[in-house]
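Scroll down for the structure; my scribbles are underneath it.
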Amino acid sequence: MTDTPQKGEVRLPKSLRGRFAALRNVWPFLKLVWQASPTLTLIAALLRLIRAVLPVAALWFGKLIIDEVVRLIGMENGPDTMLNWWQAGYADALLLYLAAEFGLAILSDVTGRLIGLTDSLLSERLSVSSSIKLMEHAATLDLEDFEDTEFQDQLDRARRQTSGRMTLTGQLLNQMQDIITVLTFAGGLVVYNPWLIVLLILALIPAFLGETYFNAQTYSLDYQRTPARRELDYIRQTAASVDTAKEVKIFGLSRFLIDRYRFLSESFFKANRRIAEQRALWGGVFTTIGTVGYYLAYVWIIGRTLTGQLTIGDLTFLSASFRRLRTLLEGLLTSFSTTAAQALYLDDLFGFFKVAPEIASPENPVPLPVPIKSGFVFEDVGFRYPGAEKWAVRHLSFELQAGETLALVGENGAGKTTLVKLLARLYDPDEGRILLDGRDLREFDIDELRGAMGVIFQDFVRFNLSASDNIAVGRISERDNRARIEEAAARSLAAQVITGLPAGYDQMIGKRFRNGVELSGGEWQKVAIARAYMRGAEVLILDEPTAALDARSEYEVFLRFKELSEGKTAILISHRFSSVRMADRILVLANGRVEAIGTHEELLAAGGRYAELFELQAAGYR
């Protein structure tokens, strides 16, 4: 049994050691920070180095000021006014110490503001950089991954880390600053009594362990709630969305959705409250232990001062240093615990980056044939979707000849769309192989192969972009080629739709953004079909993209498709037999297998499923 996490899986830490093992993510995270902006990272580190030594320096000059004031007060026959003190030169050292403390105060304020500015800019850079890195990696993954619910959970958690954990940048830099400050304060205390440091650490360990425990509990809860959180987001979107508003109102779904949202939110609240109450209770106990340790040390310092072993300045310096050191160590230990907890969340991000695609280009791909000479051959191809028991397609064997238009016919679930996904290598067969001009598809560069195909699926994406960009996505490298975009629109009959829009090709379509114009289902489909023509591909595939068109419009689209696919290899999927009969050959699929193949006339003459379905549809028009 392997210990390697599978796709979508992140192991939850059970032990203290396991929780801190997540700190291994800190170094890769710091590399992400550096890659986001080396200049800002160096500036942030330098500013914190300066700021780290300011507190102890300020306290030391405060001690010198107090001791100097005490010395001056104890002088016999000293001047009777402040002015006389300065004029007599007695206060030169005091003036120097005051000037130094004033300068340190100004420097502290300035560096604090500069740190805030730098952190803000660096976090923004990091958020953008990590989001781009996540999108780039997601683009390399398989369609199979995105159709897996566990992977969707992992992707959702990773997406949240690109923005939700950016405070970790400042936190890590602050820790480095605090460590330097702690070392400077500790150095001062060690000179007087090393046991003060030991007492302080012992007093703070319980609070540190408590925070570590509750941070792990919070992460565990968040991890387990990922599916429910996705459901919450979905309900919130569904209850108030232009895409769902009609049916929500007609079916009266608002109360149902609100009640479901309230139920999930209430369960989240109760779980969070339980952890928060325990954290507050034990946090109070642990803080009391730390306070006891501080006052034990304070009593020792007062005792040494009363016996004359320490000066008043020493008393001020030591008590303030011990108090600051206690606060710093308490914050630092808690911060380490919080960092470990945030590092657990980073497991989601870096775990996502470790997911590797199974479908990839070979190291030395075979050049793609241009033009295609003989075509595609399916040799005993079988494929089963991940986690499914039933084969989507099996024992598929047929040829798609170069320059041929092949129509796929079959009832829903027969395997038509699956066949198209295999041809575009969105999936690889579990059995058999698919050949292109005699070579296995897996021998070609995957980007070149897909670049040679123009595919419009029945569930095409309605991009909330301009009309021009909605067509240009078919070949996004030609986005600025307006002539090619307009030609594609004319071929798909989308031109008449677009010219009627207020801003023409520059009109934003879709209602997500301001000034967007919504299209009808049929109008959207004409725009989507234009993408296939924009593609200018060797292979054209239309997978039922005309379902929302009326019979005349669909006939015109397919008639145009037949003309424009002349000399190209094409696949056409449609439930309307008036359209598929235009194809050179028709392949009939049933239960994932090839049942028959031939021309319209041959299949009608042979009887069987095709003739039966044709007659059923024809009867509806009689």
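The values are calculated or read from the model by the stated rules, or taken from the named source; none is laboratory data. Please read all numbers here as calculations on a predicted model, not as lab measurements. Backbone-built Cβ (ideal geometry, glycine too); neighbour counts: all protein chains shown.
Details
- Flag if Leu329 is more than 33 Å from the chain's Cα centre (by Cα), in a helix (DSSP H, G or I) and either more than 30 Å from Asn174 (Cβ to Cβ) or at pLDDT below 75 (or both): yes
- None of Gly403, Gly387, Gly415 is at pLDDT below 90 and under 31 Å from the mean Cα position of the chain (by Cα) except Gly387.
- If the condition is being farther than 16 Å from Leu406 by Cβ, in contact (Cβ under 8 Å) with a residue 12 or more places away in the chain and surrounded by fewer than 17 Cβ atoms within 10 Å (Cβ to Cβ), then segment 591-612 contributes Asn591, Gly608.
- Matching option when the condition is closer than 13 Å to Gly536 by Cα, buried (at least 16 other Cβ atoms within 10 Å of the Cβ), among the charged types (D, E, K, R) and without any contact (Cβ under 8 Å) to a residue 60 or more places away in the chain, among Arg475, Arg484, Arg491: Arg484
- Checked against (1) farther than 30 Å from Leu30 by Cα; (2) buried (at least 17 other Cβ atoms within 10 Å of the Cβ); (3) not assigned by TED's automatic domain parsing to the domain that holds Thr418, Arg394 meets all criteria but (3).
- Any chance Phe185 is modelled with pLDDT under 75, crowded, with 16+ Cβ neighbours inside 10 Å, farther than 30 Å from Leu42 by Cβ and not aliphatic (A, V, I, L, M): no
- Reported count of residues in segment 372-428, each being of a type in the set (A, V, I, L, M), touching an Asp or Glu at 6+ places or on another chain (Cβ under 7 Å) and part of a loop (DSSP other than H, G, I, E, B), is 1.
- Top-ranked residue in segment 577-590 [being within 43 Å of the chain's Cα centre (by Cα) and at pLDDT 85 or above; ranked as surrounded by the most Cβ atoms within 10 Å (Cβ to Cβ)]: Leu587
- Total residues in segment 515-537, condition more than 32 Å from the chain's Cα centre (by Cα) and in a helix (DSSP H, G or I): 4
- Scan segment 432-476 for residues that are of a type in the set (Phe, Trp, Tyr), in contact with a helix residue (DSSP H, G or I) (Cβ under 9 Å, 6 or more places away or on another chain) and either over 21 Å from Thr418 (Cα atoms) or not in a loop (DSSP other than H, G, I, E, B) (or both) and the total you get is 1.
- Listed by first and then second residue, the pairs linking a residue in segment 95-117 that is in contact (Cβ under 8 Å) with a residue 24 or more places away in the chain to a residue that is surrounded by 12 or more Cβ atoms within 10 Å (Cβ to Cβ) and of a type in the set (D, E, K, R), with Cβ atoms under 9 Å apart and 6 or more places separating them unless they lie on different chains, are Tyr97/Glu68; Leu107/Arg51; Ser108/Arg51; Thr111/Arg48; Thr111/Arg51; Gly112/Arg51; Ile115/Arg48; Ile115/Arg51.
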